[in-house]
1. Is there a residue in region 139-153 that is open to solvent by 50 Å² or more (accessible area, probe 1.4 Å), within 13 Å of the chain's Cα centre (by Cα) and under 15 Å from residue 60 (Cβ atoms)?
2. Please verify whether residue 93 is among the polar types (S, T, N, Q), free of Cβ contacts under 8 Å to residues at least 12 places away in the same chain and open to solvent by 70 Å² or more (accessible area, probe 1.4 Å), treating the condition exactly as stated.
3. Against the conditions (1) touching a residue at least 60 places away in the same chain (Cβ under 8 Å); (2) under 28 Å from residue 71 (Cα atoms), where does residue 132 fall short? Just the number, please.
4. What are the residues in region 49-81 that are in a loop (DSSP other than H, G, I, E, B) and open to solvent by 40 Å² or more (accessible area, probe 1.4 Å), if any?
5. Could you grab me the full set of residues in region 38-54 that are more than 19 Å from the chain's Cα centre (by Cα) and touching a residue at least 40 places away in the same chain (Cβ under 8 Å)?
6. Need pairs with beta-carbon distance below 8 Å; first residue closer than 19 Å to residue 155 by Cα and within region 58-77, second at pLDDT 90 or above and part of a loop (DSSP other than H, G, I, E, B); sequence gap 6+ or separate chains.
7. Quick one: count up the residues across region 113-138 that are open to solvent by less than 10 Å² (accessible area, probe 1.4 Å) and not in a strand (DSSP E or B).
Amino acid sequence: MIGLRTAALLLALTGSGATLVGQAGTPAPLAPVSKQELVKRMGLTPGQWHSAGRFIHIDIQPTKPGGGVDGKAFAEAQSKIGQIFQTDICLDTGVAANNDLALPGISIGQDCRLDLRANGSGHEFTANCGTTGVAETRVKVVGTHSTTTMKDMIETDFVSPGAGKKMNVKISMTSNRVGECP
């Protein structure tokens with residue numbers, strides 16, 4: 001799943017903590033909703049879901065003018081562009097017992113501040129996680145869905161002033177229901 005776990009993995013490439021700020025296209029006007037209402041409005045069919053994501057953009061920059069970025073870390077991050085990763089989830093309610101938002105291909109921790117919006121076939125949410133000035137992550141997800149499919153553009157911005165780095169990652173994600181949970 002994409003989310004803080006993937007963010008941590010990508011940040012390991014830079015040797016820092018992180019923050020995210022996302023920009024993406026917006027579907028028709030969407031009304032603010034709770035996690036439970038988001039999942040209800042999306043109407044995703046419970047069961048086994050398979051997701052495939054592709055890194056379409058990764059950039060690492062210094063947070064201060066004149067700061068540097070380790071060339072090896074930058075090259076390693078750039079080598080991920082175009083790579084595809086896959087994940088599976090047994091979707092139940094969409095909200096885990098610990099109150100994490102758990103959707104196909106996307107997991108957002110319960111400690112993140114969320115702005116969730118949905119309509120009949122579109123969804124959009126932003127998660128702000130971390131501590132300002134220490135390490136912050138902002139994830140923006142914009143997508144469409146049916147009862148058995150999801151297509152998302154996920155943009156994540158990581159900022160770690162202490163490490164002097166910021167990273168922007170864009171992922172295209174497609175998820176499909178593939179059957180009942182094992």
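The values are calculated or read from the model by the stated rules, or taken from the named source; none is laboratory data. Computed from a predicted structure; not experimentally measured. Cβ atoms come from the backbone with ideal geometry, glycine included; neighbour counts cover every protein chain shown. For the accessible areas, the whole protein counts, side chains as well, though only heavy atoms, and no ligand, DNA or RNA atoms are used. Shrake-Rupley method; radii C 1.70, N 1.55, O 1.52, S 1.80 Å.
1. So in region 139-153, the residues open to solvent by 50 Å² or more (accessible area, probe 1.4 Å) come out as 144, 147-148, 151, 153.
Next, only the ones that are within 13 Å of the chain's Cα centre (by Cα) stay: 151, 153.
If we keep only those that are under 15 Å from residue 60 (Cβ atoms) as well, we get none.
Within region 139-153 (the criterion being open to solvent by 50 Å² or more (accessible area, probe 1.4 Å), within 13 Å of the chain's Cα centre (by Cα) and under 15 Å from residue 60 (Cβ atoms)), the answer is no, since none of the residues qualifies.
2. Working: among the polar types (S, T, N, Q): yes; free of Cβ contacts under 8 Å to residues at least 12 places away in the same chain: no; open to solvent by 70 Å² or more (accessible area, probe 1.4 Å): yes.
No, not satisfied.
3. Of everything listed in (1) touching a residue at least 60 places away in the same chain (Cβ under 8 Å); (2) under 28 Å from residue 71 (Cα atoms), residue 132 misses just condition (1).
4. Going through region 49-81, the residues in a loop (DSSP other than H, G, I, E, B) turn out to be 63-70, 79-81.
Within region 49-81, 63, 64, 65, 66, 68, 69, 70, 79, 80, 81 meet the criteria.
5. Of all residues in region 38-54, those more than 19 Å from the chain's Cα centre (by Cα) come to 40-41, 43, 45-48.
If the condition is that a residue be more than 19 Å from the chain's Cα centre (by Cα) and touching a residue at least 40 places away in the same chain (Cβ under 8 Å), then 41, 43, 45, 46, 47, 48 are the ones that fit.
6. Close Cβ pairs (under 8 Å, with a partner that is at pLDDT 90 or above and part of a loop (DSSP other than H, G, I, E, B)) amount to 58/80; 58/81.
7. Looking only at that region, the number is 0.
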